[in-house]
Each structure stands twice: as structure tokens, then as C-alpha cells.
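Below is one structure, written out as C-alpha cells; comments come after it.
The values are calculated or read from the model by the stated rules, or taken from the named source; none is laboratory data. Fair warning: this is a prediction, and the values are worked out from it, not measured in the lab. So basically every Cβ, Gly included, is an ideal-geometry build from the backbone, and we count neighbours across all protein chains shown. Each accessible area value is taken on the protein alone, full model and side chains, heavy atoms only, with ligands, DNA and RNA left out. Shrake-Rupley method; radii C 1.70, N 1.55, O 1.52, S 1.80 Å.
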Amino acid sequence: MTAVLFRMRPLITRLLMLTLGGGVLLGLWAALQRLGWSVPTISAPLVGIHGSLMIAVLGALVALERATALTALDRRHGWAYLAPAATAFGAVMLIITGATPFALGLVTLGSGGMALIFVVILRRHLALYTLTMALAAACWLVGNGLWFSGQPVYAVVHLWIGFLVLTIVGERLELSRVRRLTRRSQQLFAGAVLLFLIGLVISVFTLDLGARVTGLGEVVLALWLLRYDIARRTVRGTGVTRYIAACLLIGYGWLAVGGVLGMAFGATYAGFNYDAFLHAILLGFVMSMVFGHAPIIIPALTGKTVPFMRGFYLPLATLHALLLVRVLSDLAAWTPGRMVGGLFNVIAVLLFLGALLFAALGQQLMERLRPHTASA
């Protein structure tokens with residue numbers, strides 16, 4: 001079974017990427033409906049599961065990345081692809097059936113698979129960054145387990161955020177090793193993660209206090225990243241290096257904003273404050289990380305080169321400028337501004353997906369033409 005999954009990994013990866021791409025597009029469509037824009041209904045359950053669908057898609061992408069990395073080290077771990085496959089199938093069922101026990105069970109099963117992946121990773125290499133990412137996987141599993149047991153989304157969303165935030169900061173810590181971080185800086189990182197985790201644990205029992213402590217942890221993590229991440233140096237570079245650093249540094253700023261909003265609002269269940277807090281982190285921080293790392297992650301997963309284009313800056317600028325409009329409109333309880341900001345957030349993601357596709361197809365075309373040019 002494991003050997004078969006390993007041999008099929010290119011096909012599995014392509015199918016999962018197509019599925020997740022479709023999930024993103026449908027999630028964006030649902031976002032427009034939730035914002036109040038009059039667009040046709042594709043699936044009746046879609047509007048109600050916009051947020052949980054996007055988390056599932058991102059979770060499947062992270063699980064696919066981890067499975068690819070693990071099998072590259074040891075082909076005996078082909079079973080790891082079952083984690084992103086279960087999550088992606090769960091996302092499809094969310095679209096078709098809504099938040100049914102079957103759909104929730106599949107997503108929870110996928111998060112359990114990723115937790116097992118990190119058990120293997122920790123046994124191979126125990127370090128602060130691998131432990132941080134393993135804790136991220138645990139947050140996703142616990143959050144999905146509570147969701148499966150009947151807890152509402154607003155009660156588990158902080159755990160889902162914890163999964164994404166800890167995954168990202170763990171990866172940034174891994175990449176920051178080239179700076180040879182001091183013992184003091186690593187201790188500060190561990191303290192920030194611990195504070196964040198304490199807030200997440202409290203949120204399970206007392207949502208208001210937990211949200212405020214979690215918000216403080218997000219601010220501290222953002223300050224650590226702004227101080228110690230290698231992006232502070234690479235932003236002075238050129239090309240894709242500078243672009244990635246810009247995505248990172250702007251994202252860290254939004255993580256701090258989200259943390260401040262979390263401390264100020266505490267428990268939020270719906271409405272303007274809920275929208276501002278969630279999207280400051282999930283769009284401002286997480287999506288900015290996706291924009292920055294996609295030119296690296298996609299080639300690693302698919303083997304297809306995505307050359308850097310200066311046009312990548314257009315969706316990045318659109319995303320953050322109109323997210324600012326959206327958050328400020330939320331704080332002022334101004335619905336038209338929130339709708340316009342949200343609309344252009346969707347447009348920014350679509351622009352970015354289009355830019356990636358254009359860059360990848362352009363590169364493939366150049367590679368096909370090169371042999372004919374050489375022979376001529």
C-alpha cells in the first residue's frame with residue numbers, strides 16, 4: 001500500500017492541487033455571498049461553510065507539503081499522502097453536503113494523519129521548529145475534533161488560527177537558522193509560543209479570556225518575527241527574494257494588528273468585530289504568507305517552475321490596501337466599505353492565481369520552444 005502511494009504521488013499531487021484550487025475558487029464565491037454581493041448560488045451549503053472550507057483547503061495544502069517532504073526523505077512513508085487526500089475529500093463534501101458528520105469526520109481524519117506525520121518527523125529530528133509545527137498540527141486536530149463533536153465555528157476558530165500561525169512561525173524559525181540565532185532569541189521565541197498556546201488552551205474553556213491572551217501571544221510572535229526573521233535583511237535584495245520578504249514583513253504587521261484586535265474584542269461570535277479580527281490574521285497574515293511562498297512551494301510540489309514576475313506585486317498591493325479599507329470599515333461599522341474591501345480582497349486572490357498560472361505557462365512555453373530555437 002505504501003509503495004503504491006509513493007509511486008502514485010505525482011498523480012495524487014496533481015489531483016489534490018486541482019481539487020484545492022477548485023475549493024479556493026468556491027470559497028471566494030461564498031465570501032462574496034457572505035459579504036452581501038448578489039451572485040448566483042452554486043451550492044446551498046456553501047455560504048455557511050466559507051471559513052471552515054478555506055481552513056480545510058489550507059490544511060490540506062500544508063499536509064501535502066509535509067507529506068511530500070517526508071516521502072522525499074523516506075519512500076516508506078507514502079501513507080502520509082492519505083492526510084491531504086482525506087482533508088481534500090472532506091473539503092469537497094463540505095461543499096456538497098455542508099458541515100455533516102461525514103464531511104467533518106474526513107477533515108478530522110486528515111488532521112489526525114498530519115499529526116502522525118509530525119510524530120515521525122519529531123522522531124527523526126527533534127528541534128524547536130519541528131516541535132512548533134507539531135504543536136500546530138495538534139491545534140488543528142483538537143479544533144477539528146471539537147468541531148466534529150458539535151462546537152460552533154466561532155468557538156474553535158482560534159485553534160484553527162493557532163494551527164496556521166504556528167505552522168508559519170515554525171517554518172520561519174527553521175529558515176532563520178542561517179542567521180545562527182542566539183540562545184536568548186530562541187528562548188524569546190519559545191516564550192512567545194508558550195504564551196500563545198496558553199491562550200488557545202484557555203479559549204477552549206473560557207472563550208473571552210482565551211481570545212485576549214491569544215491576541216497578546218500573536219502580538220508577541222509578530223514582534224519576534226519583525227525583530228529576528230531573516231526577511232529584515234532579504235528585503236534589501238532584488239527579484240523574488242525581495243518580493244518574498246515584502247510579503248512576510250507586511251504579513252507580520254497584520255498579525256500584530258489581529259492580535260491587538262483580539263485583545264480588544266475578546267470573544268466575538270459574528271458581525272463587524274469578528275470580520276475585522278479574522279481577516280486581519282487570515283487574509284493579512286496567512287494569505288500574505290501564501291502569496292510569498294507560492295513561487296517556492298508550487299515547484300516543490302509539482303516540479304513546475306514558477307518564475308518571478310514584477311506583476312506579483314499588483315495582487316499583493318491590492319490585497320493589503322483593500323484589506324485596510326475592509327478592517328477600517330468594520331471598525332466604523334460601515335457596510336459599503338466592508339463590501340468593497342471584501343470584493344477587492346477576492347479580486348486580489350484571483351489576480352494572484354492568474355499571475356501564477358501566466359508565469360508557469362509562460363515558462364513551459366519557453367522550455368518547449370528552446371530546443372527548436374537551438375536546432376535552428
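Tabulated values for the structure
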read-out: Residue match in the stretch 343-350 (condition: buried (at least 18 other Cβ atoms within 10 Å of the Cβ), β-branched (Val, Ile, Thr) and not in a helix (DSSP H, G or I)); value: no
read-out: One residue from Leu221, Leu207, Leu141 being in contact with a Gly (Cβ under 9 Å, 6 or more places away or on another chain), more than 19 Å from Leu249 (Cβ to Cβ) and modelled with pLDDT of 95 or more; value: Leu141
read-out: Filtered residue count, the stretch 318-338, keeping only those that are farther than 19 Å from Leu282 by Cα and of a type in the set (A, V, I, L, M, F, W, C); value: 3
read-out: Residues satisfying the stated conditions in the stretch 63-93, i.e. of a type in the set (Val, Ile, Thr) and open to solvent by 40 Å² or more (accessible area, probe 1.4 Å); value: Val92
read-out: Failed criterion for Gly271 (all others in (1) within 30 Å of Pro152 (Cα to Cα); (2) out of contact with any Asp or Glu (no Cβ under 9 Å at 6 or more places or on another chain); (3) at pLDDT below 90 hold); value: (2)
read-out: Members of the stretch 222-246 that are open to solvent by 30 Å² or more (accessible area, probe 1.4 Å), more than 15 Å from Leu181 (Cα to Cα) and part of a helix (DSSP H, G or I); value: Leu223, Thr234, Gly239, Val240, Thr241, Arg242
read-out: Hits in the stretch 311-339 - residues which are open to solvent by 20 Å² or more (accessible area, probe 1.4 Å), farther than 19 Å from Phe291 by Cα and not small (Gly, Ala, Ser); value: Val325, Leu328, Leu331, Trp334, Thr335, Pro336, Arg338, Met339
read-out: Residues of the stretch 306-330 that turn out to be outside any helix (DSSP H, G or I) and either in contact (Cβ under 8 Å) with a residue 60 or more places away in the chain or on the phi > 0 side of the Ramachandran plot (or both), as a count; value: 1
read-out: Subset of the stretch 275-305 (residues that are more than 11 Å from the chain's Cα centre (by Cα), among the β-branched types (Val, Ile, Thr) and in a helix (DSSP H, G or I)); value: Ile296, Ile297, Ile298, Thr302
read-out: Which numbered condition Val219 misses (of (1) aliphatic (A, V, I, L, M); (2) open to solvent by 10 Å² or more (accessible area, probe 1.4 Å); (3) under 22 Å from Met54 (Cα atoms); (4) in a helix (DSSP H, G or I)); value: (3)
read-out: Residues within the stretch 194-216 that are closer than 20 Å to Ala264 by Cα and open to solvent by 10 Å² or more (accessible area, probe 1.4 Å), tallied; value: 14
read-out: The stretch 45-62, residues that are under 19 Å from Leu18 (Cβ atoms) and open to solvent by less than 40 Å² (accessible area, probe 1.4 Å); value: Leu46, Leu53, Met54, Ala56, Val57, Leu58, Gly59, Ala60, Val62
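Matching residues to (1) modelled with pLDDT of 95 or more; (2) in contact with a Gly (Cβ under 9 Å, 6 or more places away or on another chain); (3) open to solvent by 50 Å² or more (accessible area, probe 1.4 Å):
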residue: Ile95; (1), (2), (3): no, yes, no
residue: Thr100; (1), (2), (3): no, no, no
residue: Ile117; (1), (2), (3): no, no, no
residue: Val120; (1), (2), (3): no, no, no
residue: Arg124; (1), (2), (3): no, no, yes
residue: Leu128; (1), (2), (3): no, yes, yes
residue: Ala136; (1), (2), (3): yes, yes, no
residue: Gln151; (1), (2), (3): no, yes, yes
residue: Tyr154; (1), (2), (3): no, no, yes
